[in-house]
1. Count, please, the residues in segment 58-77 that happen to be open to solvent by less than 20 Å² (accessible area, probe 1.4 Å) and of a type in the set (A, V, I, L, M, F, W, C).
2. Output the number of the condition that Tyr53 fails; it satisfies all remaining conditions of (1) touching a helix residue (DSSP H, G or I) at 6+ places or on another chain (Cβ under 7 Å); (2) at pLDDT 85 or above; (3) open to solvent by 40 Å² or more (accessible area, probe 1.4 Å); (4) among the hydroxyl-bearing types (Ser, Thr, Tyr).
3. Can you name every residue in segment 9-26 that is open to solvent by 70 Å² or more (accessible area, probe 1.4 Å) and under 15 Å from Ile60 (Cβ atoms)?
4. Output the residues belonging to segment 59-77 that are touching a helix residue (DSSP H, G or I) at 6+ places or on another chain (Cβ under 8 Å) and assigned to a loop (DSSP other than H, G, I, E, B).
5. Any idea which residue in segment 59-77 is farthest from Pro35 (Cα to Cα), counting only those that are free of Cβ contacts under 8 Å to residues at least 40 places away in the same chain and of a type in the set (A, V, I, L, M)?
6. I'd like to know if segment 78-93 contains one or more residues that are touching a Pro at 6+ places or on another chain (Cβ under 8 Å), more than 14 Å from Asp37 (Cα to Cα) and either in a strand (DSSP E or B) or open to solvent by 50 Å² or more (accessible area, probe 1.4 Å) (or both).
7. Could you please find all residues in segment 53-82 being under 15 Å from the mean Cα position of the chain (by Cα) and among the basic types (Lys, Arg)?
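The values are calculated or read from the model by the stated rules, or taken from the named source; none is laboratory data. These figures come from a predicted structure and were not determined experimentally. Cβ atoms come from the backbone with ideal geometry, glycine included; neighbour counts cover every protein chain shown. Heavy atoms of the whole protein, side chains included, go into the accessibility calculation; ligands, DNA and RNA do not. Shrake-Rupley method; radii C 1.70, N 1.55, O 1.52, S 1.80 Å.
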Amino acid sequence: MSRNKANTRPELIDKAPQTTGWHLEDPNQVGTDIPVDGYDAEPWNGVTDYCLYQPNGEAIAVVEAKRQSRDPRVAEQQVRHYVTEIEKHQRFNMPIKFGF
């Protein structure tokens, strides 16, 4: 069976943050498909798959999911770029602690 993003999220990806106490239905804790200001449309689309938020509203983690067939170094470059851009807009100038 071929998986697409719509069925991969609930079947595989969403379970990881849920098992560690993140509530995906609470937009104050978890955001999905968050546009990243300041991105260059190439080579990425400028939308994070997930952002995990601290109680003060600052992002603490950015998660970028890729197909298993993709080179993980591409996702690493992409998440580093997103972290850098999101950090520029953090109200309290807090660095993002994690990129996955």
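1. Number of matching residues: 4.
2. (1)
3. Answer for segment 9-26, where residues must be open to solvent by 70 Å² or more (accessible area, probe 1.4 Å) and under 15 Å from Ile60 (Cβ atoms): Thr20, His23.
4. If the condition is that a residue be touching a helix residue (DSSP H, G or I) at 6+ places or on another chain (Cβ under 8 Å) and assigned to a loop (DSSP other than H, G, I, E, B), then Glu64, Ala65, Lys66 are the ones that fit.
5. Val74
6. No, segment 78-93 contains no residue that is touching a Pro at 6+ places or on another chain (Cβ under 8 Å), more than 14 Å from Asp37 (Cα to Cα) and either in a strand (DSSP E or B) or open to solvent by 50 Å² or more (accessible area, probe 1.4 Å) (or both).
7. Passing the criteria: Lys66, Arg67, Arg80.
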